[in-house]
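Just below is one structure, and these are the notes that go with it.
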Amino acid sequence: MSLLPDDKKELLKNDFKEKLVDPVKIVMFTQEFECRYCVDTRKLAQELATLNDKITTEVYDFVADAAKAKEYGIDKIPALAIIGKKDYGVRIYGIPYGYELQTLIEAVVNVSKGKTDLSDKTKQILSDVKLPVHIQVFVTLTCPHCPAAAAVAHKLAIESNMVKADVIESSEFPDLAMKYNVIGVPKIIINETVEFTGAFNEDLFAEHVLLGAFSEKLPVNEKANIP
């Protein structure tokens with residue numbers, strides 16, 4: 001059974017045809033047992049790949065392919081790594097459905113372009129980030145404001161080699177949600193030291209990233225291609 005309705009597929013086909021530039025690979029990590037949403041997440045990623053020949057999928061078992069998971073910095077499932085000309089550090093944990101389908105679509109488009117529509121002011125703030133930054137954006141599938149925060153986080157990762165951005169569906173990872181006291185969403189954690197709740201505008205988000213970069217260093221959590 002398809003997870004995408006036919007009318008949505010046609011809209012996405014047109015959207016991808018117009019916006020995709022370079023090939024995009026959706027790397028999915030799964031485990032068919034003891035992972036409630038892994039099967040549907042895999043199906044969704046594979047369905048997207050049928051809509052445009054610039055999109056491909058690779059599927060790995062989180063346990064059997066542990067070396068590959070380590071290569072991509074994947075530590076939980078279901079997980080999607082969106083890879084373009086390089087690994088920009090764009091990750092989605094949990095099924096990107098409901099409102100979060102838009103997060104996946106925007107990630108694919110922006111990674112394909114290899115650049116974003118962030119303002120010059122935001123890019124200037126981001127240029128001052130000289131240390132690795134790990135952004136975690138906690139979302140839910142029913143939150144209408146979450147895709148905006150998720151999109152900004154992913155765009156910051158695309159624009160900076162120092163930034164990695166994870167979007168995490170909080171109900172699928174209750175231990176993490178408890179650890180970070182996720183009561184409202186979107187909730188953003190930066191380098192374990194800076195946090196805020198709500199969809200900030202992009203330059204204020206970038207300023208928090210800069211603050212996080214100069215806060216106490218987190219354990220190594222760098223994207224694969226940081227020089």
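The values are calculated or read from the model by the stated rules, or taken from the named source; none is laboratory data. This is a predicted model, so every value here is computed, not measured. Glycine gets a Cβ as well: all are built from the backbone with ideal geometry, and neighbour counts include every protein chain shown.
Below is a table of values for the structure above.
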| read-out | value |
| --- | --- |
| Residue identified as in the same structural domain as TYR37 (by TED's automatic domain parsing) and either under 11 Å from the mean Cα position of the chain (by Cα) or surrounded by 24 or more Cβ atoms within 10 Å (Cβ to Cβ) (or both) among GLY89, GLY84 | GLY89 |
| Subset of the stretch 32-54 (residues that are among the β-branched types (Val, Ile, Thr) and under 18 Å from GLU100 (Cβ atoms)) | VAL39, THR41 |
| Test result for ASP166, of a type in the set (Asp, Glu) and at pLDDT 95 or above | yes |
| Helices (runs of 4 or more DSSP H) wholly inside the stretch 117-203 that include at least 3 residues being over 20 Å from ASP87 (Cβ atoms) and within 15 Å of the chain's Cα centre (by Cα) | 146-159 |
| Every residue from the stretch 10-44 that is surrounded by fewer than 18 Cβ atoms within 10 Å (Cβ to Cβ) and either polar (S, T, N, Q) or outside the structural domain of ALA64 (by TED's automatic domain parsing) (or both) | ASN14, GLN31 |
| Some residue of the stretch 109-120 being modelled with pLDDT of 95 or more, under 30 Å from ARG36 (Cβ atoms) and buried (at least 22 other Cβ atoms within 10 Å of the Cβ) | yes |
| In the stretch 22-59, the residues that are touching a residue at least 60 places away in the same chain (Cβ under 8 Å) and either in contact with a strand residue (DSSP E or B) (Cβ under 8 Å, 6 or more places away or on another chain) or under 18 Å from ALA81 (Cα atoms) (or both) | ASP22, PRO23, VAL24, ILE26, TYR37, LEU44, LEU48 |
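Yes/no matrix, rows are residues, columns are (1) touching a residue at least 40 places away in the same chain (Cβ under 8 Å); (2) of a type outside the set (Phe, Trp, Tyr); (3) closer than 21 Å to LEU204 by Cβ:
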| position | (1), (2), (3) |
| --- | --- |
| PHE62 | no, no, no |
| ILE77 | yes, yes, no |
| ASP117 | no, yes, yes |
| MET162 | yes, yes, yes |
